[in-house]
Each structure stands twice: as structure tokens, then as C-alpha cells.
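Take a look at the structure set out below.
The values are calculated or read from the model by the stated rules, or taken from the named source; none is laboratory data. Quick caveat, the model's predicted, so the values are computed rather than measured. With ideal geometry, Cβ positions are generated from the backbone for all residues, glycine too; neighbour counts draw on all protein chains shown.
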Amino acid sequence: MCIFARASSVYLRVYLSSLRMERQQANCMAMARWLQAHPAVTKINYPGLPTDPSHALHMRQASGGGSLLSFETGDVELSKALVQHSKLFKVTVSFGSTTSLLSLPCFMSHASIPAEIRKARGLPDDLVRISAGIEDEKDLLADLAQAMDLAVADSAAARRAASANATYESGSRWSSAMAATSWGR
């Protein structure tokens, strides 16, 4: 490749990087707002949101909220199901791609750190991390919505099954206890 082709390739990448970052930040903000309003989300970490504790400091140091966010659901199985049901996001530990990415840090990039150390450092097992890409905002929100709907349904079904199992086991213990007494005769 000649020097001029390399120079124009570098120029084009530098020129387009600001457009890419603007799109990624806009997508990340849209997803952060959507997640903040969702009842299954218990906490969101995104300095672009005015409600984030680090918002003022971050905005003094940067021109936008960035393209990374994380959130908690309070339910590890719900977080896992959300990642499983996503169709548009790629599941990986990378950051900064033009493609939107999802990860579960405690089961991927931070899995080798003992659970008690992760907990002490504020890294809960239900944490989901998103690196926003440049896809259409509506497509990203639609995929999050369908994945979250399915994950919530899976989680509710799992809770119902666990509750039914606990009720059955409780009834079995009661029956065993009754059989051991004179009342059970």
C-alpha cells in the first residue's frame, strides 16, 4: 500500500471517529433512559444520566456520557436470560466496537475473581454491561425490550416453579410428620 493510501485511510478513520462516538453516545443515552424506566432494573450506572452520582464530575471532564453503561436487575437468572434472548447485541467482553455488545462481567471477564472480592468491590453477579454501537436506536431499544420481556417471563416462570416445588416439599414434610404422630393414624 502506498503512503498516500495509508495517509487517507488514517485521515478517514480519525475523521469518522467523532461521528461514530456521537452515535454511540446517543444510543447509550437512549438505552440508559429506557433501562432507567424499566421496573426490572434495580440500578443503572451511566454518568450521562443527570441522576447518576458522578454526572456533574463526569460532565466537567467530558463532552458526553460515553458509550458504556451497566445495570443491575437484582436477579442473576433474569440477567442471564436477558443476554440469552438478545438478538442484535453480540455477547462478548470487548468494548468500543461499532456493534453493540452485551456482557455479564461476573461470568465472563471477572469470573476468575473470587465472589467475595467481587462483592466487596461492588461488582454484583446480576450486573449486565452494554457497550453501545452505531446501530439504529429504535432497533437497539426494540431488541432490549423483547429480550427483557422474555427474561422477565422466564424469571417469573422459574419463581412459580420454585414456589410450587417448595409448597410440595412442605406438604410432603407435613404428611411425614402427620404419619409419625397419633393424629396421622
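Observations on the model:
- For the stretch 61-81, filtering for residues that are under 17 Å from the mean Cα position of the chain (by Cα), of a type in the set (A, V, I, L, M) and either buried (at least 19 other Cβ atoms within 10 Å of the Cβ) or not in a helix (DSSP H, G or I) (or both) leaves 4.
- The single condition among (1) part of a loop (DSSP other than H, G, I, E, B); (2) in contact with a Gly (Cβ under 9 Å, 6 or more places away or on another chain) that H110 does not satisfy is (2).
- The number of residues in the stretch 128-142 that are part of a helix (DSSP H, G or I) and crowded, with 18+ Cβ neighbours inside 10 Å comes to 1.
- Some residue of the stretch 45-60 being on the phi < 0 side of the Ramachandran plot, in contact with a strand residue (DSSP E or B) (Cβ under 8 Å, 6 or more places away or on another chain) and assigned to a strand (DSSP E or B): yes
- Condition check for L88: of a type outside the set (S, T, Y), more than 17 Å from L144 (Cα to Cα), in contact with a helix residue (DSSP H, G or I) (Cβ under 7 Å, 6 or more places away or on another chain) and modelled with pLDDT of 85 or more: no
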